[in-house]
Amino acid sequence: MRRSPKESQQSTRSITRRGLLLGGAQMAVVAVLAARMRKMQLEDSAQYRLLAEGNSVKIRLIPPARGLIYDRNGVLLAGNEQNYRVTITREDTDNVAATLADLRKLVPITDSDAADILHDIRRRPPTTPVTVADRLSWDEFSRVAVNTPSLPGVSPDVGLSRAYPRREDFAHVIGYVGPVSDYDLSKMEDPDPLLMIPKFQLGKTGIEAKEEDVLRGEAGQRRVEVNSAGREMRELSREPGKPGENLQLTIDYRLQNYALKRLENESAACVVIDVTNGDVLACTSAPSFDPNMFVRGISVAQYQELTQNDHRPLADKSVQGLYPPGSTYKMVTALAALEAGLTTPNETVWCPGYVEIAGRRFHCWKRAGHGHVDMTKSMQQSCDVYYYEMSQRVGIDKMSAMAERLGFGARPDLPMSAVKEGVAPTKTWKRERYGKDWLIGDTANAAIGQGYVLASPMHLAIMAARIASGKKVEPRLIRTRDGIEQPIRVSDDLDIDPDHLIDVRRGMNAVVNSARGTARGARIERDEWKMAGKTGSAQVRNISKAERARGVIRNDQLPWDQRDHALFVAFAPVDNPRYAVSVVVEHGSGGSTTAAPIARDVLLFAQAGGLPPDDAYPAFARKAAQELNASLDLVDPETVQKPQAKSRA
């Protein structure tokens, strides 16, 4: 069918419009492409020319500087030192094994280390730099730097590594760092990318572990240009990371050093607390170890020496060790009886040397007995029969309730490893723990700190601090975070009658300063520094009838690991308490002969601000004290590293 001229004209106009629209769209696309090509060819030509030549841009993480740790005086306890190291990035080398073989010609890498390195490289993402050698000398580092053009994927680097200038003094409190392990990563839901870098240092124990999140800081990053051989050509940009927080501890480095030296050759622990604010001024566990060994790589022989030592240097006895508190627990029993209104300070109990309870004979440590004793005399001479009698009146639940008010049976809130809560047993506790009923004899044993009662040296120091101050003292280990003072946790809600505390303090004063006190030999002569305390011996085993028949009746006749533990708690000065101390010497036999003199010396050092004058000691003990103090390898204040500015490297 033929179209009319008018229809043909309309069709031609429609086609022309479509053509113009299509042509316009095509021109717009061409214009955009032309503009983009112009930008790529003119403005971005340098960048694309480098990429065309085989170069690429990589993102590298910048590990932040780990936060520093200081003592209360600003003395550095944990810092960072330069570490020359070499890394390999698998993505940037075609043959990792060949590159590693070439690198071994320049720096010492053992066959075993090489195998571990190859294993790490295979397990890590190809873009992650793997540390193959660190703590290199300058000569070794320089050799690698000069030869990097022929070592694809190899990068010499200067990083930071942890260092502990006070070495053994703070090993248990601060702990140490070490390379991130698979076990560490398995405990984290979303690990920080920094932790994926092999040999990145992570807190393993102590404050280093408990404060890891704040000490680690936040990673920075840098954009680097690498060529086809994997060699870095230039740094395009750098975004610095955020260093970790600096921590200042409450501990005094000189008192810590003295306490540890005073415990030398013993398996022991000592804790000193400022009763006015809860600051932990010393927290030592002996023997100790050098944490730098774990940072730099400890040998098998060194590790075996630590683990096979019967004095257990790796264990922090100050918070991890749990011991029967022995007679140091008698203050708990006395306060429970006073609070229940079941005795008075002047009431006397007859001690013939034993007491019959539920058909069983419970002996006093003095077989001949103490005769008539009141509360003060019972503490002064540590009469067991007095407390057996009080326990039968009060009962275990009230005794344990008092123990909890004095800090027992609770985990101290401290950023340290494996802090134990101890045991202040009750009838319910024994039923739930052992499925057995509580016995009357259990109560008698608990009254003198034996049986199921367990406490750490930290618990004992807290108890002494609360009795001395009449306040609910909570220990504080971190004084400031990045210069910000941390809360002091001392409150008035101890909920113990002040008069009862005065009665107990009077008894503790008699233990040390009366003519017949069990710790009379460890007294302090200077009136302004006098201490009050309580001795204790925690039985490790019972001597059998057969051993008694053979004449083995004294602790010093037993093997070392079967002797009683020696304990002592104290506070000073007597009239205006400032310091509380606890000392536990494993298998030290007697609290009065072993633990009390150590506590006396530590309290004297704390009050004198250093080695005390000779007249602070009893006349008979002065020569021995002089010789002992002279033999101790104490820190020299003049050689201590001074405070440094916050690291921003």
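The numbers here are math on the coordinates, done by the rules we state, and not lab data. Predicted model only: the values in this text are computed from it and were never measured. FYI the Cβ positions are ideal-geometry reconstructions off the backbone, even for glycines, and counts take in every protein chain you see.
Among DSSP bridges having both ends in the chain, what percentage is antiparallel? Round to the nearest 5. Display every interim value, and only then the final one.
Numbers: 76 of 79 bridges.
If we restrict to bridges inside the chain, about 95 percent are antiparallel.
Basic side chains Lys and Arg get +1 at the Cβ, acidic Asp and Glu get -1 at the Cβ, and with that the dipole of the chain about its Cα centre reaches some 1940 debye. Roughly what % of Cα-Cα distances in the chain sit above 32 Å, to the whole percent? When all Cα pairs of the chain are counted, 59 percent exceed 32 Å.
Using only Cα atoms, locate the centre of the stretch 255-303 and the centre of the stretch 126-192, then give the distance between them in Å, rounded to an integer. Taking the Cα centre of each part, the stretch 255-303 and the stretch 126-192 sit 26 Å apart.
Axis angle, to the nearest 10 degrees, between helix 5-38 and the longest C-alpha principal axis of the chain: 50 degrees. Axis angle, to the nearest 10 degrees, between helix 330-339 and the longest C-alpha principal axis of the chain: 80 degrees. Structure note, pairs Lys317/Lys472; Lys398/Lys420; Lys471/Lys534: Cα-Cα distances above 26 angstrom do not occur. Look at the dipole of the chain built from charges on Cβ: of Gln308, Ile524, Thr535, the Cα furthest out on the positive end belongs to Gln308.
If packing is taken as the mean number of other Cβ atoms within 10 Å per residue, what is the order of 284-290, 563-569, 95-101, highest first?
Working: 284-290: 22.6, 563-569: 29.0, 95-101: 15.6.
Put in order of decreasing packing, that is 563-569, 284-290, 95-101.
Take each of the peptides 375-383, 403-411, average the number of other beta-carbon atoms within 10 Å over its residues, and list them starting from the highest. Spell out each step's value before the answer.
Working: 375-383: 25.0, 403-411: 20.6.
My ranking of the peptides, most packed first, is 375-383, 403-411.
Each peptide in 160-168, 455-463, 313-321 receives the mean, over its residues, of other Cβ atoms within 10 Å, and ordering these scores from highest gives 455-463, 313-321, 160-168.
Taking a ≥ b ≥ c as the square roots of the Cα gyration tensor eigenvalues, with a/c under 1.5 meaning rounded and otherwise prolate when a/b beats b/c, else oblate, which class fits the stretch 255-365? Walk me through the numbers before you get to the answer.
Working: a/c = 3.75, a/b = 2.06, b/c = 1.82.
Prolate.
How far is the Cα center of the stretch 309-338 from the Cα center of the stretch 355-369, in Å? About 23 Å separates the Cα centre of the stretch 309-338 from the one of the stretch 355-369.
Summing Lys, Arg as +1 and Asp, Glu as -1, what charge do residues with Cβ under 12 Å from the Cβ of Asn346 carry, Asn346 excluded? Don't skip to the end; give the middle numbers.
Numbers: positive: Lys377, Arg506; negative: Glu347, Asp374, Asp503.
Local charge sum for Asn346: -1.
For the chain, find the longest principal axis of its Cα atoms and tell me its angle to the long axis of helix 384-394, 0 to 90°, nearest 10. Long axis of 384-394 versus the principal axis of the chain: about 70 degrees.
By definition, a body whose alpha carbon gyration tensor gives a ≥ b ≥ c is oblate when a/c is 1.5 or more and a/b is not larger than b/c, and the stretch 418-510 fits this oblate description.
Does the stretch 58-249 classify as rounded, prolate or oblate by the C-alpha gyration tensor (a ≥ b ≥ c root eigenvalues; a/c under 1.5 gives rounded; else a/b over b/c gives prolate, otherwise oblate)?
Verdict is prolate for the stretch 58-249.
Note on the chain: helix-only mean residue ellipticity at 222 nm, from DSSP H runs of 4+ residues weighted -39500 (n - 2.57) and normalised by residue number, equals -10000 deg cm²/dmol. Amide H contacts for Leu160 (H built 1.01 Å from N in the peptide plane; partners 5 or more residues away or on another chain; cut-off under 5 Å): Asn83.
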